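The values are calculated or read from the model by the stated rules, or taken from the named source; none is laboratory data. All values reported here derive from a predicted model rather than from experimental measurement. Ideal geometry is used to build each Cβ from the backbone, glycine not excepted, and the neighbour counts take in all protein chains shown. SASA here: full protein model, heavy atoms, side chains in, ligands and nucleic acids out. Shrake-Rupley method; radii C 1.70, N 1.55, O 1.52, S 1.80 Å.
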Amino acid sequence: MIIVLFGKPGAGKGTQAPLLAAALGVPTLATGDELRAAIRAGTPLGLEAKAFMDRGDLVPDSVILGIIKHALSEPRAANGVLLDGVVRTVPQAEGLDQVCKELGRKVDAVLCFDIDDEEIVRRLASRTVCEVCQSPYTGREPGSTCDKEGGKLVRRKDDEPEAIRNRLAVYERQTAPVLNWYREHGTRVAVIDAVGSVQDVTARALGALAG
Ligand code: AP5
């Protein structure tokens, strides 16, 4: 089972991914988390990605496709994987399709978390994330402690107002067309109302997958 979690920055993909993964019994792959880990480790991948991410621009497709190919080939992904914010351009959708064909697999569904820009700005302006496990929090001050890993909560550089505006523009220009690509290629796209309690959104997503 390969499920693509899709939606604007701040739509709640990172919040929903572990909940859906636990319910479905599959691991997650979040390219944003992979890239931030590479930046912290100071690897060549991290050095290449950092400037793009700080501005809110997309990291080049070639980098992302390398991450996708590696992750899907790992034994832990044999029974399925939830792709969190992984497919953000049509070339990435095409590349993922190619990797899936090589592995005899396919994308089963795309869950698109739907939310308006005003709510996104509100959410991201008050977000902090654990610097160890990346878990997002709302309304917790930087410097407080993560409930899960005990790491320090920090603000993301791309949650500054200018970077948020750029990320939303990049989404409209480069990422939104991916939904039609999937529809045209016969993959099920379910649009999930992403406003409401976290539990309600999880239930909507699981309902859409079961339906
Ligand atoms: P990434 O880390 O994936 O960022 P994003 O897509 O911009 O998504 P966010 O993490 O900002 O939001 P989210 O949808 O996960 O929402 P969250 O659950 O945190 O990517 C960062 C960067 O890496 C990109 O800009 C790009 O540079 C690069 N990158 C990554 N993948 C790439 C790719 N495939 N191609 C190219 N470049 C790539 O929730 C947001 C807030 O809302 C949190 O505070 C949360 O607590 C809160 N919240 C969540 N759900 C609810 C709810 N139901 N009600 C109220 N509050 C809620």
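Does the range 105-114 hold any residues that are within 12 Å of the ligand (Cβ to nearest atom) and crowded, with 19+ Cβ neighbours inside 10 Å, and which are they?
Within the range 105-114, L111, C112, F113 qualify.
Quick one: which residue in S144, S135 is among the polar types (S, T, N, Q), open to solvent by less than 40 Å² (accessible area, probe 1.4 Å) and more than 13 Å from the ligand (Cβ to nearest atom)?
S144
Do you know which residues across the range 166-186 are without any contact (Cβ under 8 Å) to a residue 60 or more places away in the chain and in a helix (DSSP H, G or I)?
Once the filter is applied, which keeps residues that are without any contact (Cβ under 8 Å) to a residue 60 or more places away in the chain and in a helix (DSSP H, G or I), the range 166-186 yields A169, E172, R173, N180, R183, E184.
Could you say whether any residue in the range 48-71 is more than 8 Å from the ligand (Cβ to nearest atom) and acidic (D, E)?
yes
Got at least one residue in the range 201-210 being outside any loop (DSSP other than H, G, I, E, B), more than 15 Å from the ligand (Cβ to nearest atom) and either crowded, with 17+ Cβ neighbours inside 10 Å or touching a residue at least 60 places away in the same chain (Cβ under 8 Å) (or both)?
Yes, the range 201-210 has at least one match.
Output the residues belonging to the range 8-33 that are near the ligand (Cβ under 8 Å from one of its atoms) and open to solvent by 10 Å² or more (accessible area, probe 1.4 Å).
Within the range 8-33, K8, P9, G10, G12, K13, G14, T15, A30, G32, D33 meet the criteria.
Here is a list of conditions, (1) away from the ligand (no atom under 12 Å from the Cβ); (2) surrounded by fewer than 18 Cβ atoms within 10 Å (Cβ to Cβ); (3) closer than 20 Å to Q16 by Cβ, and S197 meets all of them except one; can you say which number that is?
(1)
What pairs can you find where one residue is in the range 44-66 and on the phi > 0 side of the Ramachandran plot, the other is more than 7 Å from the ligand (Cβ to nearest atom) and open to solvent by 60 Å² or more (accessible area, probe 1.4 Å), and their Cβ atoms are less than 9 Å apart, with a gap of 6+ or different chains?
Listed by first residue and then by second, the contacts come to G56/E160; G56/E162; G56/R165.
When you look at Q134, is it part of a helix (DSSP H, G or I) and in contact (Cβ under 8 Å) with a residue 24 or more places away in the chain, yes or no?
No; evaluated as a whole, the condition is false for this residue.
Working only within the range 72-89, note down all residues that are β-branched (V, I, T) and either touching a Pro at 6+ places or on another chain (Cβ under 6 Å) or more than 13 Å from the ligand (Cβ to nearest atom) (or both).
V81 - this is the single residue of the range 72-89 that is β-branched (V, I, T) and either touching a Pro at 6+ places or on another chain (Cβ under 6 Å) or more than 13 Å from the ligand (Cβ to nearest atom) (or both).
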